[in-house]
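Engineer: So that we are looking at the same thing, I have put the structure below in C-alpha cells.
The values are calculated or read from the model by the stated rules, or taken from the named source; none is laboratory data. Keep in mind the model is a prediction, meaning the values are calculated, not measured. Here Cβ is always computed from backbone atoms with ideal geometry, including for glycine, and neighbour counts include all displayed protein chains.
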Ligand code: FAD
Ligand code: NAD
C-alpha cells in the first residue's frame, strides 16, 4: 500500500523546499519529489541559477577590481591572472554546500525525499519514476506543483550547450570566449554577459526591444545601459536574431531590425540564448486530471489553488515574477493555507535585483506604470555622485529614485542603480510593507558615511528638501 502524506511536493526548488520546511514546522507529514539527475535538491536557483551565477559574478567582479581599480586605491599587485578552472570550481563548491544544506533542512523538518520524476496519476496520487526506472506511488491529501521553469528556446538558434548555450552552459565555459553574443538584454543576459566581459570576452547584446531590462523603470534602464556601454558592452537594440549557423569554430548569426529589414551577419565564438523562461510541466501528468493552464502553459491558480481540489501550484510554474524569493514566499503561504492558516503574499512588493556592477534594484511600481494608471505622483532622486561614501570609494555611478503619492506621500516605488543597490532596496520594501511615507524614510536617522544615506536624501528630495546636493 502506498504511504499517505498530508502534502506531496513535486519539485525541490526554492518554492518546493521552503513549502516542505514550513509544512514540517507546522506538523504536516510532507514528502518532496525531485527529478534532477544529479540528485541535488535546491532547484534551478541553487544548481544552475541564482547561486552559481552569483558565485561567478562575485569572483569576476573581484578579478576586474584587482585588474582595473586597485591602482586607483594605491594598491600594487604583481599582475593579475585568471585561473578559470579554479573560479568554476569555487562556484561548484558553493552549489555543493548549499544543496547539502537543503538536504539537511529536509531531514531536520522530517520531510521524506524521493529522487525521481513525479507524475500526477489522479487527485491525491503521485507516481515517482527513479532514474533507474523503478517506480513508487505516493498518496497525498494535497499535491503542490513546484516544478519551476526552463529556458525558452529560440527558433533557428538551437542550443547545444557548447557554442550555443543557455544560462546553464554559460556557467561552465571552459575557456573565455573571444566574442560572446547574448540574445536578450534581460537579467540573465546582462548578469552572465557581465561575468564573461570582466574575464576578457567582447560581449554584444542583441535585444528585441528598444531598451535593456524592459520591465524596469525607464530612467533606470537607460542609465544602466549607459554604464554598461562605458564598461565596453556593445548593444544592438530593436534587433532580432533570425538564424544561427555553426562554423568549424564559432557561430555565424543573422541579425536584423526587430521590425524587419536588411539582415546582417555577426560572427562570434559563443552565443547565449537568454530570451526568458517558460513553465516546466512536461511529464507531470497535468492532463491526467485536467489541471488548467493558460495559453503560455502557466498553471492557473487562485491563491495557489488550481481548478482541481487538493492540487496547488507555486513558484515559476504559475503566475508572477520568476524569482526565487517569490517562489519561497509562495511555498510558505501555500503550506500555511493547507495547514488552515492565513497564508498570504504581497505581490506588489516583491523586490527585484540585477547583480551586476553596479547593481540594479527595484520594488513597487515604475514611473511609467504609475503615470499610465493616472496616479498623481511626486518623485525624489539622488545621485551617488553626491554621496560621501560612494565618492570616497570611487563608486559613484547611479542614483536612487523614490516615487510617492502626491497627496498622501505613501511610497509607491523605489528604483536604484548603484553599488549595493540589492541590499539598500530592503529598507524601502519594509517601509512600503508598513504603508510608510517618503517622509518616514527622510526622518529616519541613517548612519554616516553609508550609501544608504542616498536613499534618505532621495526621500527628502520627494518633498524638495534634499540637503546634500
Ligand atoms: P525551480 O527552482 O525551477 O525548481 C523546480 C524543480 O522541480 C527543479 O529542480 C526540477 O528539476 C524539478 N522538477 C520539474 N519537474 C519535475 C517532476 N515532474 N518531478 C520531479 N521534479 C521535477 N532568481 C532570483 O530571485 N535571484 C537570482 O539571483 C536569480 N538568478 C538566476 C540566475 C539564472 C541563471 C537563472 C536561470 C534563474 C535565476 N533566478 C533568480 C530565478 C530562480 O532561479 C527561479 O525563480 C527559482 O528557481 C524558481 O523556483 P521554483 O521552486 O519555482 O522552481
Ligand atoms: P528576461 O525576461 O529577464 O529577459 C529576456 C529579454 O529578452 C527581454 O529583454 C526581451 O525583450 C528579450 N527578448 C525576447 N525575445 C527576444 C528575441 N527573439 N531576440 C532578442 N531579444 C529578445 O529573461 P531572462 O533574462 O532569460 O531571465 C529569465 C528569468 O529568470 C527572469 O524572469 C528573471 O526574473 C529570472 N532571473 C532573475 C535573476 C535575478 O533576480 N537577479 C537573474 C537571472 C534570472
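Engineer: Can you tell me which of 55, 20, 31, 12 is crowded, with 18+ Cβ neighbours inside 10 Å and within 16 Å of ligand 2 (Cβ to nearest atom)? Talk me through it step by step, then tell me what you get.
Structural biologist: Details: 20 fails: within 16 Å of ligand 2 (Cβ to nearest atom); 31 fails: within 16 Å of ligand 2 (Cβ to nearest atom); 12 fails: within 16 Å of ligand 2 (Cβ to nearest atom).
Within the list 55, 20, 31, 12, the selection yields 55.
Engineer: Got a sec? Which of 281, 293, 318, 306 is in contact (Cβ under 8 Å) with a residue 12 or more places away in the chain, surrounded by 20 or more Cβ atoms within 10 Å (Cβ to Cβ) and more than 12 Å from ligand 1 (Cβ to nearest atom)? Step through it out loud before you land on a result.
Structural biologist: Details: 281 fails: more than 12 Å from ligand 1 (Cβ to nearest atom); 293 fails: surrounded by 20 or more Cβ atoms within 10 Å (Cβ to Cβ); 318 fails: more than 12 Å from ligand 1 (Cβ to nearest atom).
After ruling out the rest, the residue left standing is 306.
Engineer: Follow-up. Got a number for residues in segment 245-259 being farther than 16 Å from residue 208 by Cβ and surrounded by 15 or more Cβ atoms within 10 Å (Cβ to Cβ)?
Structural biologist: To start, the set of residues in segment 245-259 that are farther than 16 Å from residue 208 by Cβ comprises 245-252.
Filter once more, so that each one left must be surrounded by 15 or more Cβ atoms within 10 Å (Cβ to Cβ): 250-251.
Selection size over segment 245-259: 2.
Engineer: Do any strands (runs of 3 or more DSSP E) lying entirely in segment 137-226 carry at least 2 residues that are more than 30 Å from residue 312 (Cα to Cα) and more than 14 Å from ligand 2 (Cβ to nearest atom), and which ones are they?
Structural biologist: Values: elements: 149-151, 179-183, 202-206.
Ranges flagged: 179-183, 202-206.
Engineer: Could you tell me whether any residue of segment 447-468 is part of a helix (DSSP H, G or I) and free of Cβ contacts under 8 Å to residues at least 12 places away in the same chain? Even if it seems obvious, please write down each step before you answer.
Structural biologist: First, the residues of segment 447-468 that are part of a helix (DSSP H, G or I): 453-462.
Keeping just the survivors that are free of Cβ contacts under 8 Å to residues at least 12 places away in the same chain gives none.
Scanning segment 447-468 turns up no residue that is part of a helix (DSSP H, G or I) and free of Cβ contacts under 8 Å to residues at least 12 places away in the same chain.
Engineer: Residue 423: touching a helix residue (DSSP H, G or I) at 6+ places or on another chain (Cβ under 8 Å) and modelled with pLDDT of 95 or more, yes or no?
Structural biologist: On the way: touching a helix residue (DSSP H, G or I) at 6+ places or on another chain (Cβ under 8 Å): no; modelled with pLDDT of 95 or more: yes.
For residue 423, the condition - touching a helix residue (DSSP H, G or I) at 6+ places or on another chain (Cβ under 8 Å) and modelled with pLDDT of 95 or more - is not met.
Engineer: Related question: Restricting attention to segment 282-319, report how many residues are part of a loop (DSSP other than H, G, I, E, B), within 26 Å of the chain's Cα centre (by Cα) and within 14 Å of residue 144 (Cβ to Cβ).
Structural biologist: 6
Engineer: I would also like to ask the following. Could you go through segment 70-91 and let me know if any residue there is more than 16 Å from ligand 2 (Cβ to nearest atom) and in contact with a strand residue (DSSP E or B) (Cβ under 8 Å, 6 or more places away or on another chain). If you could, list the steps in order and put the result at the bottom.
Structural biologist: Filtering segment 70-91 for residues more than 16 Å from ligand 2 (Cβ to nearest atom) gives 70-90.
Next cut, in contact with a strand residue (DSSP E or B) (Cβ under 8 Å, 6 or more places away or on another chain) only: none.
No, there is no match, as no residue in segment 70-91 is more than 16 Å from ligand 2 (Cβ to nearest atom) and in contact with a strand residue (DSSP E or B) (Cβ under 8 Å, 6 or more places away or on another chain).
Engineer: Any residue in segment 385-404 that is farther than 24 Å from residue 191 by Cα, part of a strand (DSSP E or B), in contact (Cβ under 8 Å) with a residue 60 or more places away in the chain and not assigned by TED's automatic domain parsing to the domain that holds residue 186?
Structural biologist: Yes, that holds for at least one residue.
Engineer: Among the numbered criteria (1) surrounded by fewer than 22 Cβ atoms within 10 Å (Cβ to Cβ); (2) part of a loop (DSSP other than H, G, I, E, B); (3) out of contact with any helix residue (DSSP H, G or I) (no Cβ under 8 Å at 6 or more places or on another chain), which single criterion is violated by residue 370?
Structural biologist: Every listed condition holds for residue 370 apart from (2).
Engineer: With respect to the numbered conditions (1) surrounded by fewer than 20 Cβ atoms within 10 Å (Cβ to Cβ); (2) more than 16 Å from ligand 1 (Cβ to nearest atom); (3) in contact (Cβ under 8 Å) with a residue 24 or more places away in the chain; (4) within 23 Å of residue 48 (Cα to Cα), which one is the sole condition not fulfilled by residue 198?
Structural biologist: (1)
Engineer: Restricting the search to segment 331-377, which residues are over 21 Å from the mean Cα position of the chain (by Cα) and within 30 Å of residue 394 (Cα to Cα)?
Structural biologist: 367
Engineer: Here's another thing I want to ask about it. Looking at segment 42-66, I want the residues that are outside any helix (DSSP H, G or I) and have a partner that is modelled with pLDDT of 95 or more with Cβ atoms under 7 Å, at least 6 apart or on another chain. Which pairs are those?
Structural biologist: 42/12; 42/13; 42/17; 42/98; 42/99; 42/102
Engineer: Mind checking whether some residue in segment 86-100 is under 16 Å from residue 283 (Cβ atoms) and either surrounded by fewer than 16 Cβ atoms within 10 Å (Cβ to Cβ) or touching a helix residue (DSSP H, G or I) at 6+ places or on another chain (Cβ under 8 Å) (or both)?
Structural biologist: Keep residues of segment 86-100 that are under 16 Å from residue 283 (Cβ atoms), which gives none.
The answer is no, given that none of the residues of segment 86-100 is under 16 Å from residue 283 (Cβ atoms) and either surrounded by fewer than 16 Cβ atoms within 10 Å (Cβ to Cβ) or touching a helix residue (DSSP H, G or I) at 6+ places or on another chain (Cβ under 8 Å) (or both).
Engineer: Return yes or no: is residue 113 touching a residue at least 12 places away in the same chain (Cβ under 8 Å) and within 16 Å of ligand 2 (Cβ to nearest atom)?
Structural biologist: Numbers: touching a residue at least 12 places away in the same chain (Cβ under 8 Å): yes; within 16 Å of ligand 2 (Cβ to nearest atom): no.
In short, no.
Engineer: Of all residues being surrounded by fewer than 21 Cβ atoms within 10 Å (Cβ to Cβ) and part of a helix (DSSP H, G or I) in segment 405-423, which is nearest to the chain's Cα centre (by Cα)? Just the residue, please.
Structural biologist: Within segment 405-423, the match that is nearest to the chain's Cα centre (by Cα) is 422.
Engineer: Here's another thing I want to ask about it. Limited to segment 149-159, what total is found for residues that are surrounded by fewer than 18 Cβ atoms within 10 Å (Cβ to Cβ) and closer than 27 Å to residue 14 by Cα?
Structural biologist: Number of matching residues: 3.
Engineer: When you go through (1) modelled with pLDDT of 95 or more; (2) more than 10 Å from ligand 1 (Cβ to nearest atom) one by one for residue 45, which number turns out not to apply?
Structural biologist: Every condition holds for residue 45 apart from (2).
Engineer: Hey, among the residues in segment 88-110 that are in contact (Cβ under 8 Å) with a residue 60 or more places away in the chain and not in a loop (DSSP other than H, G, I, E, B), which one's nearest to residue 39 (Cα to Cα)? Steps first, answer last, please.
Structural biologist: Pass one, segment 88-110, residues in contact (Cβ under 8 Å) with a residue 60 or more places away in the chain: 88, 91, 102-103, 105-106, 108-110.
When the remaining residues are screened for being not in a loop (DSSP other than H, G, I, E, B), the result is 88, 91, 102-103, 105-106, 108.
Details: 88: 20, 91: 18, 102: 12, 103: 10, 105: 15, 106: 14, 108: 18 Å.
In this case the residue turns out to be 103.
Engineer: When you scan segment 146-161, how many residues do you find that are touching a residue at least 60 places away in the same chain (Cβ under 8 Å), touching a helix residue (DSSP H, G or I) at 6+ places or on another chain (Cβ under 7 Å) and on the phi > 0 side of the Ramachandran plot?
Structural biologist: Count: 1.
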